[in-house]
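To start, the structure itself, in structure tokens.
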Amino acid sequence: MKNGEFIVNIFRQQKKSVPSAVAGSLRVNFPSATGVEWSQPGQLFEAIFFHDNAEKIARFDSDGNLLEYRVNIPPTDIPSEVKSAVNEEFEIMNCISVFISGLTTYELIVRNRDLVRYLMVIDHRGNQVSLKTL
Amino acid sequence: MEKKDNHILLSDEELVQKIVNERETNLFRILFDRYKGKVLDKCYSLLHNRESAAEFTEDILSKAYEKLPGFKGNSSFSSWLYSITYNHCIDYLREKKKLHYPEWNSRNEIPEIADDLEEDLSEMHYSRLMNILEILHEEEKAMILMKYKDEMPVKDIAAALRLSEGAVKMRIKRAKARLVFLYRKHYGDY
């Protein structure tokens, strides 16, 4: 491959076929999803797409049941209870909401003044669940 | 000399095994020669400065040598070495150039996200795409290079850039949409 040719391959991905129940479930749960790309981690089906101008990742079983989904949240839309749960020493660099079995948590990448990064998980009430150095 | 020549035929992983387990430290020279140019290219593509790129290459290969006992073979040696390379460069840029992806992303919103990313975009000319790649944020560019040029697993990209796997997947998705948007803006519809 000549230097630079790799970049065209970004858009030459093989289309993955998924069971119709899975494709249908995506359309029902996220009706206006665009740019859908599928992958198959293990026995599950994972779609990454744009929906309501946000990046989302949804996982389904082979029967089309939606098991979990994640939504990228821009800095301006981060819920206040999440912001207030983050100690002042940290700056939020990324925020993703995670929906599993009716529960919402927030997966944050934060950094301190020395630019050390952490993965912080916060529950829907604003309680810090975990903090791990990245 | 003859011994070293025979070793040239060994795979990266076999060389690492001999360096670590049999303490044949001189064999690192083979890995050094094998990867110096590739690491230099990656550093230059992110730093855009030949002197710094050469300096970084020496630092990265020294760092790799020190970390060799920690190489467990869960990914290929090249993937492991490139993780160190990108991590070193991006950490430097984050600190010295004050890279701040969330702020940059807010200032550079994509007004229209195309739905045909996989349709006829394969007709885009690669040299033009490379021009567009240069105007992406350094972290988006690094992710595109890691995923599509070096074919690194998302897990390794996440570790190198100190992000979660979900964040990496979403940022790559956005970077691809931005490539298409900027391509159309600069060159029209192919």
Condition broken by B:Ile113, with the remaining ones in (1) closer than 29 Å to B:Glu55 by Cβ; (2) part of a loop (DSSP other than H, G, I, E, B); (3) touching a Gly at 6+ places or on another chain (Cβ under 9 Å) satisfied: (1)
Selection status of B:Ile172, modelled with pLDDT of 90 or more, under 23 Å from A:Val98 (Cα atoms) and within 11 Å of chain A (Cβ to nearest Cβ): yes
Filter result (surrounded by fewer than 21 Cβ atoms within 10 Å (Cβ to Cβ) and more than 10 Å from every other protein chain (Cβ to nearest Cβ)) within segment B:138-155: B:Glu138, B:Lys141, B:Pro153, B:Lys155
Search result, residues across segment B:137-154 that are assigned to a helix (DSSP H, G or I) and either in contact (Cβ under 8 Å) with a residue 12 or more places away in the chain or within 9 Å of the chain's Cα centre (by Cα) (or both): B:Glu138, B:Glu139, B:Glu140, B:Lys141, B:Ala142, B:Met143, B:Ile144, B:Leu145, B:Met146, B:Lys147, B:Lys149, B:Val154
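Given the residues A:Glu37, A:Glu88, which is the only one that is modelled with pLDDT under 95, more than 10 Å from chain B (Cβ to nearest Cβ) and under 30 Å from B:Leu99 (Cα atoms)? Show your work before the answer.
Details: A:Glu37 fails: more than 10 Å from chain B (Cβ to nearest Cβ).
Among A:Glu37, A:Glu88, only A:Glu88 is modelled with pLDDT under 95, more than 10 Å from chain B (Cβ to nearest Cβ) and under 30 Å from B:Leu99 (Cα atoms).
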Breaking point among (1) touching a Lys or Arg at 6+ places or on another chain (Cβ under 8 Å); (2) surrounded by 18 or more Cβ atoms within 10 Å (Cβ to Cβ), for A:Thr133: (2)
Test set (1) within 14 Å of another protein chain (Cβ to nearest Cβ); (2) under 18 Å from the mean Cα position of the chain (by Cα); (3) more than 17 Å from B:Asp12 (Cα to Cα) - B:Ser83 fails condition number: (3)
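Look at B:Ala167 and say whether it is at the interface with chain A (Cβ under 7 Å from one of its Cβ atoms), in a helix (DSSP H, G or I), touching a Leu at 6+ places or on another chain (Cβ under 9 Å) and modelled with pLDDT of 90 or more. Steps first, please.
Numbers: at the interface with chain A (Cβ under 7 Å from one of its Cβ atoms): yes; in a helix (DSSP H, G or I): yes; touching a Leu at 6+ places or on another chain (Cβ under 9 Å): yes; modelled with pLDDT of 90 or more: yes.
So B:Ala167 fits the description; yes.
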Test for A:Ser101: is it more than 8 Å from chain B (Cβ to nearest Cβ), at pLDDT 95 or above and under 17 Å from the mean Cα position of the chain (by Cα): no
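The values are calculated or read from the model by the stated rules, or taken from the named source; none is laboratory data. Everything numeric in this text was worked out from a predicted model, so none of it was measured. Cβ coordinates were reconstructed from backbone atoms using ideal geometry, including for glycine residues, and neighbour counts include every protein chain displayed.
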